[in-house]
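What follows is one structure encoded as structure tokens, with my remarks underneath.
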Amino acid sequence: MNTDWTKIRGDFPILSRSVNGKPLAYFDSANTAQKPSAVIDAVDAFYREHNANISRAVHTLGMEATEAFEAARQKLARFINVRPDELVLTSGTTQAINLVAYSYALPRLKAGDVILLSRMEHHANIVPWQLIAERTGAEIRVAEINVAGEIDLPALWQAMTQDVKILGITHVSNVLGTVNPIEQICREARKRKIATVIDGSQALPHRKVDVAAIGCDFYVFTGHKMCGPTGTGGLWAKREHLEAMPPFFGGGEMIKEVRFEKTVFNDPPHKFEAGTPNIAGVIGLGAAVDYLEAIGMENIQQREQALLTYATHALKQIEGLRIFGEASEKAAVISFQVEGAHSHDLATLLDLEGIAVRSGQHCAHPLMEFFGVAATCRASFAFYNTEREIDALVAAIHKVRKLLG
Ligand code: PMP
């Protein structure tokens with residue numbers, strides 16, 4: 001397929017604006033992705049033409065809203081190759097991990113059990129587990145990485161001792177870009193009866209993901225990083241887990257029958273979807289799935305790999321620039337520091353040139369500790385970026401170096 005990336009870039013209205021008098025170069029897609037008109041229009045059309053609450057009304061609008069919401073669930077399920085009735089819609093990854101922590105782990109873990117987490121986890125896949133560990137007496141163990149930013153596999157196998165009950169690991173690192181060999185890791189965990197919680201936040205936007213083939217117990221993701229609206233996302237779990245887990249939140253929508261003596265819960269996934277969800281957002285996320293599928297995830301991955309190669313080569317020419325994360329399999333994320341420039345100062349000066357990069361710990365404090373740094377700058381790419389934008393980034397860093405040097 002001969003993909004017209006210039007035309008595709010034109011689908012994103014925000015990308016034609018300027019910032020500080022310069023054309024915007026948006027390199028913060030790992031933080032949140034920009035939205036194409038197809039997604040913006042789907043949200044707009046819902047509020048203009050179909051707005052009603054779901055699952056409650058027999059009137060036309062209510063039925064239209066429910067149908068569109070459930071159609072989005074079907075699209076998402078197909079996108080990641082799972083059954084729609086095993087896909088719980090959440091406000092994002094954070095809520096999904098907390099759901100697993102409180103509904104699955106809390107009733108099962110006891111003192112002496114171990115929750116194994118990788119060094120490269122986002123805080124969303126660390127803090128909920130610490131809260132559960134505190135309540136149950138379980139311990140957190142860390143699976144270490146090497147200097148390239150890859151999981152140390154022999155050490156991981158060693159860390160998978162009998163007392164490990166849960167392994168939380170990211171599919172793709174939001175800081176290093178490392179793509180973890182998640183199928184292999186889940187296979188080893190299964191042998192040892194360890195439940196696997198895979199954070200797919202940074203994987204779904206950038207590659208074809210077949211959750212069924214991964215062989216995990218739980219797979220979580222967030223919609224806003226895959227061109228969908230904020231406040232959307234999901235949790236896939238094996239049906240047997242969803243049946244056995246108690247609800248996390250109680251309220252409307254998640255029940256079949258409520259009496260003061262006893263409430264009968266709805267079937268999964270609705271059992272975990274109390275209250276009015278982000279209906280317009282989920283419908284927008286469905287439109288995002290359509291949009292990504294129309295381009296093709298293989299094409300997206302190929303384009304982003306080309307941008308990564310181009311940017312890595314260009315950035316490496318800059319004296320005093322250090323890149324964090326050089327895994328052999330890597331998504332289009334580059335964390336870096338420039339000698340003599342504090343990351344926040346650098347990001348602020350780049351912003352003056354219209355260039356958006358993130359600076360800080362990227363919600364991965366333990367990873368920063370590993371590399372012995374307080375913060376990095378992170379340029380994260382999406383298929384709508386261009387080589388010209390990367391040239392602008394490189395030129396701007398040179399300018400900053402001169403300014404500070
Ligand atoms: N995990 C990873 C790897 C992430 O990159 C992020 C978002 N930066 C999250 C979890 C949290 O996602 P959300 O804030 O959308 O729940």
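I need the full set of residues from region 98-133 which are within 17 Å of residue 245 (Cα to Cα), more than 16 Å from the ligand (Cβ to nearest atom) and open to solvent by 50 Å² or more (accessible area, probe 1.4 Å), in order please.
107, 108, 110
Would you check which residues across region 343-376 are within 16 Å of the ligand (Cβ to nearest atom) and out of contact with any strand residue (DSSP E or B) (no Cβ under 9 Å at 6 or more places or on another chain) and list them?
If the condition is that a residue be within 16 Å of the ligand (Cβ to nearest atom) and out of contact with any strand residue (DSSP E or B) (no Cβ under 9 Å at 6 or more places or on another chain), then 363, 364, 365 are the ones that fit.
How many residues does region 134-149 contain that are open to solvent by 70 Å² or more (accessible area, probe 1.4 Å), touching a strand residue (DSSP E or B) at 6+ places or on another chain (Cβ under 7 Å) and in a loop (DSSP other than H, G, I, E, B)?
Counting residues in region 134-149 that are open to solvent by 70 Å² or more (accessible area, probe 1.4 Å), touching a strand residue (DSSP E or B) at 6+ places or on another chain (Cβ under 7 Å) and in a loop (DSSP other than H, G, I, E, B) gives 0.
Residue under question is residue 179, and the condition is that it be within 22 Å of the chain's Cα centre (by Cα), crowded, with 24+ Cβ neighbours inside 10 Å and touching a residue at least 60 places away in the same chain (Cβ under 8 Å); does it hold? Explain how you work it out, then say what you get.
Details: within 22 Å of the chain's Cα centre (by Cα): yes; crowded, with 24+ Cβ neighbours inside 10 Å: no; touching a residue at least 60 places away in the same chain (Cβ under 8 Å): yes.
In short, no.
So residue 134 clears everything in (1) at negative phi; (2) in contact (Cβ under 8 Å) with a residue 24 or more places away in the chain; (3) of a type outside the set (S, T, N, Q); (4) out of contact with any helix residue (DSSP H, G or I) (no Cβ under 9 Å at 6 or more places or on another chain) except one condition, right? Which one?
(2)
Taking residue 293 and the conditions (1) touching a Cys at 6+ places or on another chain (Cβ under 7 Å); (2) open to solvent by 10 Å² or more (accessible area, probe 1.4 Å), which numbered condition does it fall short on, given that it satisfies the others?
The single condition residue 293 does not satisfy is (1).
If you check 134, 86, which single one turns out to be modelled with pLDDT of 95 or more and more than 20 Å from the chain's Cα centre (by Cα)? Full working, then the answer.
Values: 86 fails: more than 20 Å from the chain's Cα centre (by Cα).
Result: 134 is the single residue among 134, 86 that is modelled with pLDDT of 95 or more and more than 20 Å from the chain's Cα centre (by Cα).
Could you look through region 296-332, keep only residues that are open to solvent by 10 Å² or more (accessible area, probe 1.4 Å) and of a type in the set (Val, Ile, Thr), and pick out the one that is farthest from residue 8 (Cα to Cα)?
By that ranking, first place goes to 323.
For region 150-165, check the following and say yes or no: at least one residue is among the small types (Gly, Ala, Ser), open to solvent by 30 Å² or more (accessible area, probe 1.4 Å) and away from the ligand (no atom under 16 Å from the Cβ).
Our first condition is that a residue be among the small types (Gly, Ala, Ser); within region 150-165, this holds for 155, 159.
Next, only the ones that are open to solvent by 30 Å² or more (accessible area, probe 1.4 Å) stay: 155.
Still in the list and also away from the ligand (no atom under 16 Å from the Cβ): 155.
Yes: one or more hits.
Which of the residues that make up region 55-83 are under 22 Å from residue 251 (Cα atoms) and either of a type in the set (S, T, N, Q) or at pLDDT 95 or above (or both)?
Step one: list which residues in region 55-83 are under 22 Å from residue 251 (Cα atoms), which gives 55-58, 62-63, 65-67, 69-70, 73.
The answer is 55, 62, 63, 65, 66, 67, 69, 70, 73.
Kindly state which strands (runs of 3 or more DSSP E) lie completely within region 189-261 and contain at least 2 residues that are more than 11 Å from the ligand (Cβ to nearest atom) and in contact (Cβ under 8 Å) with a residue 12 or more places away in the chain. Don't jump to the end; show me each part of the working.
Working: elements: 195-199, 218-222, 233-237, 255-258.
So the answer is 195-199, 218-222, 233-237.
The values are calculated or read from the model by the stated rules, or taken from the named source; none is laboratory data. Note that the structure is a prediction, hence the values are computed from the model and not measured. So basically every Cβ, Gly included, is an ideal-geometry build from the backbone, and we count neighbours across all protein chains shown. The accessibility values were calculated without ligands, DNA or RNA, using every heavy atom of the protein model including side chains. Shrake-Rupley method; radii C 1.70, N 1.55, O 1.52, S 1.80 Å.
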